[in-house]
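Undergrad: The structure is given below, and queries will be raised subsequently.
The values are calculated or read from the model by the stated rules, or taken from the named source; none is laboratory data. Remember, it's a predicted structure, so these values are computed and weren't measured experimentally. When we count neighbours, we look across all protein chains shown, and the Cβ atoms used for this are built from the backbone with ideal geometry, even at glycine.
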Amino acid sequence: MNLFIAIFVGGGCGALSRYLIIDQINKLSSNSFPYGTILVNVLGAFLIGIIYYLLISKIIINEQLKLFITIGFLGGFTTFSSFNLDFFKLIESGSIFLAILYALASFLITIVAFYIGYSLTKVLI
């Protein structure tokens with residue numbers, strides 16, 4: 001039961017963090033491009049790269065903390081449901097080029113962010 005609570009609380013913290021970041025980033029932008037969603041997905045990919053390296057190395061963490069961070073917080077923080085909605089809104093508004101750019105950037109940059117997070121942690125630890 002403690003594992004479920006860890007995931008539940010982590011997911012809530014991650015979702016709230018995602019909302020606050022996206023809201024603040026969107027307030028800074030005057031157009032409809034979803035910079036906030038890209039930012040949280042890139043940041044989440046970077047963080048999961050760090051966490052993944054830590055988990056496969058000899059660093060041992062409590063199972064509840066591991067699930068709180070990975071499935072809970074990062075699962076709630078990054079989201080492809082928001083990505084899909086933003087992509088659809090761009091298509092619906094006729095911004096086909098921006099929609100394609102958004103999809104490519106989200107996919108490629110998050111992969112690079114994961115690799116950087118993983119590699120930096122590997123070098124630093």
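Undergrad: So is Phe114 among the hydrophobic types (A, V, I, L, M, F, W, C), modelled with pLDDT of 90 or more and touching a Lys or Arg at 6+ places or on another chain (Cβ under 9 Å) or not? It would help to see each step written out before you state the result.
TA: Numbers: among the hydrophobic types (A, V, I, L, M, F, W, C): yes; modelled with pLDDT of 90 or more: yes; touching a Lys or Arg at 6+ places or on another chain (Cβ under 9 Å): no.
So Phe114 fails the test.
Undergrad: For the range 72-125, give me the residue count where each residue is surrounded by fewer than 17 Cβ atoms within 10 Å (Cβ to Cβ) and among the β-branched types (Val, Ile, Thr).
TA: Counting residues in the range 72-125 that are surrounded by fewer than 17 Cβ atoms within 10 Å (Cβ to Cβ) and among the β-branched types (Val, Ile, Thr) gives 9.
Undergrad: Please go through the range 59-71 and pick out each residue that is closer than 18 Å to Leu16 by Cβ, surrounded by fewer than 19 Cβ atoms within 10 Å (Cβ to Cβ) and not aliphatic (A, V, I, L, M).
TA: Residue satisfying the conditions is Thr70 alone.
Undergrad: Is it the case that Lys27 is at pLDDT below 95 and not in a helix (DSSP H, G or I)?
TA: Values: at pLDDT below 95: yes; not in a helix (DSSP H, G or I): no.
No.
Undergrad: Are any residues in the range 32-41 hydrophobic (A, V, I, L, M, F, W, C) and surrounded by fewer than 21 Cβ atoms within 10 Å (Cβ to Cβ), and if so, which ones?
TA: Matches in the range 32-41: Phe33, Ile38, Leu39.
Undergrad: Continuing with the same structure: Which of the residues spanning the range 64-112 are of a type in the set (S, T, N, Q) and in a helix (DSSP H, G or I)?
TA: Once the filter is applied, which keeps residues that are of a type in the set (S, T, N, Q) and in a helix (DSSP H, G or I), the range 64-112 yields Gln64, Thr70, Ser81, Ser82, Asn84, Ser106, Thr110.
Undergrad: Now a separate question. Just give me the residues in the range 34-75 being among the small types (Gly, Ala, Ser) and farther than 23 Å from Tyr115 by Cβ, in sequence order. Give the steps one after another, and end with the answer.
TA: Step one: of the range 34-75, the residues among the small types (Gly, Ala, Ser) are 36, 44-45, 49, 57, 72, 75.
Result: Gly72, single match.
Undergrad: In contact (Cβ under 8 Å) with a residue 60 or more places away in the chain and closer than 29 Å to Met1 by Cβ: does that describe Gly44? So that I can check it myself, show each step before the final result.
TA: Working: in contact (Cβ under 8 Å) with a residue 60 or more places away in the chain: yes; closer than 29 Å to Met1 by Cβ: yes.
Against the criterion (in contact (Cβ under 8 Å) with a residue 60 or more places away in the chain and closer than 29 Å to Met1 by Cβ), Gly44 qualifies.
Undergrad: Could you identify the single residue in Tyr52, Tyr35 that is more than 21 Å from Tyr102 (Cβ to Cβ) and of a type in the set (Ser, Thr, Tyr)? Full working, then the answer.
TA: On the way: Tyr35 fails: more than 21 Å from Tyr102 (Cβ to Cβ).
It is Tyr52.
Undergrad: Among residues belonging to the range 85-114 that are of a type outside the set (A, V, I, L, M, F, W, C) and within 14 Å of the chain's Cα centre (by Cα), point out the one that is nearest to Ile7 (Cα to Cα). Please lay out each step first, then the result.
TA: Here is the first cut: in the range 85-114, the ones of a type outside the set (A, V, I, L, M, F, W, C) are 86, 89, 92-95, 102, 106, 110.
Those left that are additionally within 14 Å of the chain's Cα centre (by Cα): 106, 110.
Details: Ser106: 25, Thr110: 23 Å.
Here the answer is Thr110.
Undergrad: Checking Ser29 against (1) of a type in the set (Ser, Thr, Tyr); (2) surrounded by fewer than 16 Cβ atoms within 10 Å (Cβ to Cβ); (3) under 30 Å from Asn2 (Cβ atoms); (4) touching a helix residue (DSSP H, G or I) at 6+ places or on another chain (Cβ under 8 Å): exactly one of these is not met. Which one?
TA: It is condition (3) that Ser29 fails.
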